Amino acid sequence: MFVRARLFALCFLFAAPLAAFAHEQTLLEYADQCVREIGAIPPFDCNDGTDIPITIDGKPPGPNDSPTRCDKPSLLSPASEAKGQCIPFSKILNLSRGNTQISAYCRRDVLRPDKDPRYDGVVVVMHHSGNGKTCWFASKPPPLPKSQADAPTSSGFVATRVPPPNERKPPSGQPSAVEFWTTPAVVASKQPTCLKCHDAGPFIFSPYIGQVWDKVPTDPWGKYSSIGQAFLPYHLMTMSTPGNTCIGCHRIGSEQSCTVYLGLSVGKLKAPGNDSLANRYPLNHWMPTDNAMSHEQWDKANVASVAALLACCKDPAHKDPDCTFTPMPSGSNTRPLH
């Protein structure tokens, strides 16, 4: 009986922390952790943001046009068609201060006037350029319209005061954080996940967002790790090969960079939403970002490096001695793996 009692006590001691770990972190718990370890997100008005331009063959669409193809479509869904990928008047805001870098993207899926208060999605990336810690927030989907006839005018939600994710008591008449933001577990599981796309750093360059790149904080070589229970399973790796020209300005990740972004940035893949101009050189070769080379010059400078990286993408067992895979630098874990 005494032995059984001791075994029961040991099982209880081990079970208690496991049960605590199994608790799903709520939005407010996650937001509180982000405030403690990175900083606070202030309330903001999406209409204070900078418009992300939309052009078709170099010209803006007409005032009543809702294009599905454009020169520089959104790559929020990089491998498949997405609603709103060429809709005008989505906006970007830089809410950074000091080492706390905050980028907010307010998306429109439905054509509305520039200063209409309604949006269809809000995404925030918060990153600390000192300790590398990063948090991810996404709004809940807007309510469905009562009928299909209402869809062009009644979808979306008012985003004139986006609440801080840790806010308990909003001003009268304003949505609370738990009403506006989805939970971290949902954000971490939505495919493709934030971290699989943002596999080389917290902020991604694309032709779409590159038009307002001066409004986006950047930290291409800094420490980078996502905090919060829902994001713990992710262990990001970067990759390189000897003398590779593609890693001069930023790291190359081994997740969606392999499956999508490398191909998109060098003309090997066509982005969903591309028009004919976007599928031709130079728009379909958007790395390096300041590309002013002729097609022939670009090939001579970069084709071999791109091929080497794509070969590493096909080597998940890391057997190729020319492929160096390195854990993302989130602290002291920067030892290369071959």
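None of Leu269, Leu310, Leu283, Leu277 is among the hydrophobic types (A, V, I, L, M, F, W, C), under 26 Å from Glu81 (Cα atoms) and not in a loop (DSSP other than H, G, I, E, B) except Leu310. Residue by residue through the stretch 198-247, note down the ones that are farther than 24 Å from Ser90 by Cα and not in a loop (DSSP other than H, G, I, E, B). Residues satisfying the conditions are Ser225, Ser226, Gln229, Ala230, Phe231, Met237, Thr238, Met239, Ser240, Thr245, Cys246, Ile247.
Evaluate the stretch 267-288: report whether one residue or more is among the acidic types (Asp, Glu) and in contact (Cβ under 8 Å) with a residue 40 or more places away in the chain. There is at least one residue in the stretch 267-288 that is among the acidic types (Asp, Glu) and in contact (Cβ under 8 Å) with a residue 40 or more places away in the chain. For Gly201, the requirement of being touching an Asp or Glu at 6+ places or on another chain (Cβ under 7 Å), closer than 28 Å to Thr50 by Cα, touching a residue at least 12 places away in the same chain (Cβ under 8 Å) and crowded, with 21+ Cβ neighbours inside 10 Å is met. Before we move on, is Lys59 under 30 Å from Ser265 (Cα atoms), modelled with pLDDT of 95 or more and surrounded by fewer than 13 Cβ atoms within 10 Å (Cβ to Cβ)? Considered against the rule, which asks whether it is under 30 Å from Ser265 (Cα atoms), modelled with pLDDT of 95 or more and surrounded by fewer than 13 Cβ atoms within 10 Å (Cβ to Cβ), Lys59 comes out as yes.
Among residues of the stretch 214-232 that are within 14 Å of Val125 (Cα to Cα), those with a beta-carbon under 7 Å from a residue that is buried (at least 19 other Cβ atoms within 10 Å of the Cβ) and basic (Lys, Arg) at least six positions away or on a different chain give the pairs Ser225/Lys133; Ile227/Lys133. Being assigned to a loop (DSSP other than H, G, I, E, B), modelled with pLDDT under 95 and on the phi < 0 side of the Ramachandran plot holds for only one residue in Leu144, Leu195, and it is Leu144. Among the residues of the stretch 229-244, the ones that are more than 19 Å from Pro329 (Cβ to Cβ) and either touching an Asp or Glu at 6+ places or on another chain (Cβ under 7 Å) or buried (at least 17 other Cβ atoms within 10 Å of the Cβ) (or both) come to 3 in all. Candidates Ser96, Ser155: the one that is at pLDDT below 95, touching a strand residue (DSSP E or B) at 6+ places or on another chain (Cβ under 9 Å), small (Gly, Ala, Ser) and on the phi < 0 side of the Ramachandran plot is Ser155.
Quick check: is even one residue across the stretch 294-311 aliphatic (A, V, I, L, M), crowded, with 17+ Cβ neighbours inside 10 Å, at pLDDT 95 or above and in contact with a strand residue (DSSP E or B) (Cβ under 7 Å, 6 or more places away or on another chain)? Scanning the stretch 294-311 turns up at least one residue that is aliphatic (A, V, I, L, M), crowded, with 17+ Cβ neighbours inside 10 Å, at pLDDT 95 or above and in contact with a strand residue (DSSP E or B) (Cβ under 7 Å, 6 or more places away or on another chain). Only residues that are under 22 Å from Ala159 (Cβ atoms) and either surrounded by fewer than 21 Cβ atoms within 10 Å (Cβ to Cβ) or more than 16 Å from the chain's Cα centre (by Cα) (or both) were counted across the stretch 96-108, and they come to 4. Going through the stretch 233-253 one residue at a time, which ones are in contact with a Cys (Cβ under 7 Å, 6 or more places away or on another chain) and in contact (Cβ under 8 Å) with a residue 60 or more places away in the chain? If the condition is that a residue be in contact with a Cys (Cβ under 7 Å, 6 or more places away or on another chain) and in contact (Cβ under 8 Å) with a residue 60 or more places away in the chain, then Met239, Thr241 are the ones that fit. Residues that are free of Cβ contacts under 8 Å to residues at least 12 places away in the same chain and either charged (D, E, K, R) or in a helix (DSSP H, G or I) (or both) within the stretch 27-74 comprise Glu29, Arg36, Lys59, listed in sequence order. Does any residue of the stretch 127-134 turn out to be on the phi > 0 side of the Ramachandran plot, among the small types (Gly, Ala, Ser) and under 20 Å from the mean Cα position of the chain (by Cα)? So far as the stretch 127-134 goes, yes, one or more of its residues are on the phi > 0 side of the Ramachandran plot, among the small types (Gly, Ala, Ser) and under 20 Å from the mean Cα position of the chain (by Cα). Hey, could you check the stretch 51-86 for residues that are closer than 13 Å to Tyr208 by Cα and hydrophobic (A, V, I, L, M, F, W, C) and say which is nearest to the chain's Cα centre (by Cα)? The qualifying residue nearest to the chain's Cα centre (by Cα) is Leu76. Among the conditions (1) among the hydroxyl-bearing types (Ser, Thr, Tyr); (2) touching a helix residue (DSSP H, G or I) at 6+ places or on another chain (Cβ under 7 Å); (3) surrounded by fewer than 21 Cβ atoms within 10 Å (Cβ to Cβ), Ser74 misses just one, which is (3). Taken residue by residue, the stretch 168-191 has no member that is in a strand (DSSP E or B), of a type outside the set (A, V, I, L, M, F, W, C), modelled with pLDDT of 95 or more and buried (at least 19 other Cβ atoms within 10 Å of the Cβ).
The values are calculated or read from the model by the stated rules, or taken from the named source; none is laboratory data. Computed from a predicted structure; not experimentally measured. Note that each Cβ is placed from the backbone with ideal geometry, even for glycine, and that neighbours are counted across all protein chains shown.
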